[in-house]
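A short write-up of the structure that comes next.
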């Protein structure tokens, strides 16, 4: 009997982790518990822990997110998270900790595993994003974690260069693609009924997700305004999903509310059910904003992406992505290209995809369950 | 006017940091404040914050160390530390954070600097010690910190390999040597008066410092017992300094108390004034245990070291060090060699010293004060 | 030189405390610092700490409010507050702690003062409100605090009955009235310009402030909806101020937003500048909802109050208040009475006022500064 | 099925609570969990949580005690405790919280119950001790708790005077007497074997327990020294139990160690098994120090008490107690009286006992299980 304690703090993480959870619970002799923390438990961010509960996982609540838009709020919340997570891990005494990415819960979990001598499996390490503290945090997590599941070969190589022992590093692809692969198709009718929208077959619509950057907090509201001005001038139907809980998000949400009230063709949602979201991704003319799904999922779905601003820049990416600055005209131009330029659209349909084949979860789960928990695993050694 | 906020949690750190503090306060246009936290504020560990206060620095107290001998106590204490340090940094708004090594306060400071966008200068990164979580923590701190001051060339190269931008890495030597260099000589009379000891010129005595290992917590008491059995059978006068506050230390202190009561020639101290300690190092026949000063300071002082157990193993070291397991006979043999083997003692007197020349603090302070605080400094990029 | 450390966590408290602060800073040999915490630092509640900063007080920020609508969020936030406040009090080492009322910061401050042996002056103790945990908290604070400044004689007597030594109890009146008394008159033009409203001389408008009850969290949204249905059916111009940060407030704000978008004559504000607020109180036809200002300030201003639901019930009150349940028709009827019943309006103009004369702050400050800080003050004894 | 969550932070509390626990687990349809926190988890205080675990209760660990001898350490620890206890209560969702006395865990539990709307049963409220913050804390807990189990009629009346509704107040006697009543007799041989002592039938020995006072922290060590000087000059065999974890205790322990090393007839123990302790109480010539067991248990056991200093003064007590100041000669005189004055010893054998009959637990458990959990219970009202 192996006990896995997974930790998740935000909707976007959960969507990547969920197929791995599904795979774990499908095994007998595995007990999975999920610590829900951070934005999942915040009313401002739509109480997304309920998704996880509804999906049937055994959850443990850990409230830690301060109601703050200061950088300090994020950092103090992390301290609270480490305190609470320590108590939980002492009580649960799991065999493995499982975490993903580069957010507060990632480093909190890696620290707790390190100090409590419990191995940490880390998904999505080795990546590289610029203009954000996420990079520093992600690489620090790599130096603490005991097993690495990078999404691409390039990321795996970066982890090796950082001095991790090769047997700890397993390139597995992005587990989010597993769930996209498995998601059944929904009709426009069905989507419209659920969202109160007016989307139509053969009429292009835009899916917009834009998050604040920790290094550009002060401009977050203005950046959202520029994107929404571009969108409102073009007049395509646009579905917005709220930004994550980082500093700056309150300002962005205010701007979103303002445009939503003004324009009938702009609709915003705090969060969307997974099946709706995947079907919107499949049907959208383009993904707009700076969501990592533009990098990670769009090449699998073969859809165009217009990435605005510095987030995601210098990250490994496929050919289906157009990078533009926070400039209304440049954004409009790129949207037009993504919707009307047949050649570009065609190229997107055949774009390369370094992010996996939709079968990552099985790989992760098999490797975790087959790795002996011994001093070799627990005593990390840098290779040089 | 530059404001530096340094963070220290334990006596051993402070001794390395103190010459850097001294150099900072010697500059006009620099304001130094020192956050004292961790073991410094614990009565079990001798209230060493008083040393720092007595040395005249402007201190800010941050209590966080739980009265615990569990691994969880250390980890939860770290969460408390991050919470309190965030409040302090918000209030002080320093230009730089300064921290050293691989303990809780090191990663707490690196995290707070990262999330609050304040540059972190990190001393003693890039080192390599095996059989301990310190390595993971130290390398994670490196991935978060903005300026690196490794002690040796080898350590500096390790930091570069981990992907840090070369302009961030400055090999400066160990600042602890600066204070050793400057410390005035004390006579045996003076030392005996202060310590209540009975040390004599031309009579060999041993200086013993042995810490618990996080991966061998359960054996900590027994390991101390083996060392003290060796010492007590040989009968050399032995000065013990208490272990640090890590899990296992309570057990070790119990054993120390037991031997101290039994043998007149064994004397233990919670902590020692810096001047006494340096003079004991200069005069001792050998350094016994597993203190990092055996690695870092002994080659500068040209004294023999007998390092017991796995701590410090596989670390870069000079020729003056004999590694032995927790085996009474092997320890006795090594002590005898260090005290009586003329050839070995001579070799120690001429041993190589990769750890610096006693002028490190000036280098650190000049580099910190001359590094512009801009987005180049704050936005870290991995080089590959 | 006396150092006073005041603690405030929410706008409503600050408005009562502010005249006391003003009186303290007018004294030479007094240093006042204000810890701003709780809802003051939350973007959801309009960052009201900026008011305090703008008023020129020396503030210390203490973030503690979790982004939560669970009861647990409030309680965990209180733990965080005690941790941070302890650090601040250790650092500031004040002569006195000053706090008000029955919220988290009240009991946090009383606890910190008790454990750190620093006297706590408590304003607004002895009051009685039913259907809320506030009563329990307020009386617990009384049992911890060292000097009591109840607002009314009745409250003072309640404190004495609880066993407090008589010399600790001083009935002073409500300091909020001091600032109402001093506030200059503003014209409707001026108010309309600042609020974007359309208020007119001789046209009745309503001022609505309704908070959630801890014992009726689940109904908070629905309760707000009932009040707003009554208001919208009557059609009087209505100015709403957002509820405080207690559990349930998010639901209430959602309902407010909905009605505000539907009806031109309903206007909602997260917070209002003090001068505007006082002038609205002076000019309004009635105060609607369950704000304590209906109890505490309305009798001084001689305006009618319609108090909805269980909050404020069984509290000492004057004759100008009509209590109604959460029942649309009953609310409409009461509003009509308050606006149209000449006899009732006349009676309000002559109502009794047990809440003070607008000169409370001077009394509080003089007593605090003249009370010797000795073991008599610090060692509390119950009288029976 | 009723779920009871009890909270205990220190050995002395546990000994009173244990018979109540025993009674609860004897009921079917009751699930009892015990949160062990505070000094129970501290190595300095002998890891007393192990007693509770060994007694077979289902424990939940909550580490919170800072390694500190400052007043601030206690207060910050309380904040940590509230944070962790909130998480635990959210997860366990008990029907009742159960706590005792006037320590940090008492007020922490009362606060958590109040804010989370879970009823709190409080044992030992209404008592009165002078020269300590315990009084303030105990009365504050009374104002928060929902059901009161005072030990004596006098204490019950004090609670009523404080304005608690009469149906909440149940005078039940001290449950510690239940366990004393049930404890089997042990022979001197058996005790000597377990303790390594040399106690003899017909030879008087002293049982000494002395705690620090929060208002006299600085004198704690000296106070212990005076008592031990008296004891050492008289030469009676003396069994010392270590003080609790309050500020000042480290200094006291140092003094104890010093005397224990000097005098063969002085033996100190961090903690004692319950059966040994009760038998020592039964057999001792007198109880010396300031332990509350001198007030609460000695009249049931009919043994003399010499109470030193201000702790316990002005508390309700029986005739078997002699109060003396911290004065060596006075202490010696009182010890002599307690050991040699036949008349006094006889009077002790017939002393009055307001503290119960050894059947308190059954009363508490029956009342808790028969009190409906409804709004009447949860909405506290002061009676005046």
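Residues in region C:109-132 that are facing chain D (nearest Cβ under 8 Å) and over 22 Å from residue D:382 (Cβ atoms) were compared, and the one that is surrounded by the fewest Cβ atoms within 10 Å (Cβ to Cβ) is C:117. Residue A:163 falls short on exactly one of the conditions (1) surrounded by fewer than 21 Cβ atoms within 10 Å (Cβ to Cβ); (2) within 28 Å of residue B:379 (Cα to Cα); (3) not assigned by TED's automatic domain parsing to the domain that holds residue A:24, and that condition is (3).
Restricting B:47, B:57 to those that are more than 14 Å from chain A (Cβ to nearest Cβ) and on the phi > 0 side of the Ramachandran plot reduces the list to B:47. Check region D:110-127 and report whether any residue there is at pLDDT below 95 and farther than 30 Å from residue A:59 by Cβ. Within region D:110-127 (the criterion being at pLDDT below 95 and farther than 30 Å from residue A:59 by Cβ), the answer is yes, since at least one residue qualifies. Kindly evaluate residue D:17 against the criterion of being out of contact with any helix residue (DSSP H, G or I) (no Cβ under 6 Å at 6 or more places or on another chain), more than 14 Å from every other protein chain (Cβ to nearest Cβ), surrounded by fewer than 21 Cβ atoms within 10 Å (Cβ to Cβ) and not in a strand (DSSP E or B). Against the criterion (out of contact with any helix residue (DSSP H, G or I) (no Cβ under 6 Å at 6 or more places or on another chain), more than 14 Å from every other protein chain (Cβ to nearest Cβ), surrounded by fewer than 21 Cβ atoms within 10 Å (Cβ to Cβ) and not in a strand (DSSP E or B)), residue D:17 does not qualify. The set of residues in region C:147-172 being more than 23 Å from residue C:19 (Cα to Cα) and away from chain D (no Cβ under 14 Å) consists of C:166, C:167.
Of all residues in region B:59-80, those satisfying the criterion of being out of contact with any strand residue (DSSP E or B) (no Cβ under 6 Å at 6 or more places or on another chain) and in contact (Cβ under 8 Å) with a residue 40 or more places away in the chain are B:65, B:68, B:69, B:70, B:71, B:74.
The number of residues in region B:353-363 being more than 19 Å from residue B:29 (Cβ to Cβ) and in a helix (DSSP H, G or I) comes to 1. Of everything in region B:38-58 that is in contact with a strand residue (DSSP E or B) (Cβ under 9 Å, 6 or more places away or on another chain) and surrounded by fewer than 20 Cβ atoms within 10 Å (Cβ to Cβ), the residue that is farthest from residue B:4 (Cα to Cα) is B:46.
The combined condition, being outside the structural domain of residue C:14 (by TED's automatic domain parsing), modelled with pLDDT under 95, buried (at least 21 other Cβ atoms within 10 Å of the Cβ) and under 27 Å from residue D:374 (Cβ atoms), is not fulfilled by residue C:216.
Quick grid of which residues meet (1) assigned to a loop (DSSP other than H, G, I, E, B); (2) surrounded by fewer than 16 Cβ atoms within 10 Å (Cβ to Cβ); (3) within 14 Å of another protein chain (Cβ to nearest Cβ):
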site	(1), (2), (3)
D:343	no, yes, no
D:351	yes, no, no
D:365	no, no, no
D:372	yes, yes, no
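The condition (being away from chain A (no Cβ under 14 Å), over 20 Å from the mean Cα position of the chain (by Cα) and farther than 20 Å from residue A:157 by Cα) is satisfied by just one residue among B:175, B:184: B:184. Only one of the listed residues (A:321, A:295) is at pLDDT below 95 and buried (at least 17 other Cβ atoms within 10 Å of the Cβ). That residue is A:295. Here the condition is being closer than 23 Å to residue C:183 by Cβ and in a helix (DSSP H, G or I); of C:339, C:295, C:331, it holds for C:295 alone.
Annotation: residue D:306 fulfils all but one of (1) in the same structural domain as residue D:40 (by TED's automatic domain parsing); (2) free of Cβ contacts under 8 Å to residues at least 60 places away in the same chain; (3) crowded, with 22+ Cβ neighbours inside 10 Å; the unmet one is (1). Listed conditions (1) in contact with a strand residue (DSSP E or B) (Cβ under 9 Å, 6 or more places away or on another chain); (2) part of a loop (DSSP other than H, G, I, E, B) are all met by residue A:314, apart from (1). It is to be established whether one or more residues within region C:138-149 are in contact (Cβ under 8 Å) with a residue 60 or more places away in the chain and on the phi > 0 side of the Ramachandran plot. Within region C:138-149, not a single residue is in contact (Cβ under 8 Å) with a residue 60 or more places away in the chain and on the phi > 0 side of the Ramachandran plot. Of the residues A:226, A:256, A:240, the single one that is touching a residue at least 60 places away in the same chain (Cβ under 8 Å) and crowded, with 17+ Cβ neighbours inside 10 Å is A:226. For region D:68-91, the candidate set comprises residues that are at pLDDT below 95 and more than 10 Å from chain C (Cβ to nearest Cβ); within that set, the residue that is surrounded by the fewest Cβ atoms within 10 Å (Cβ to Cβ) is D:69.
The values are calculated or read from the model by the stated rules, or taken from the named source; none is laboratory data. Remember, it's a predicted structure, so these values are computed and weren't measured experimentally. Neighbour counts run over all protein chains shown; Cβ positions are idealised from the backbone, glycine included.
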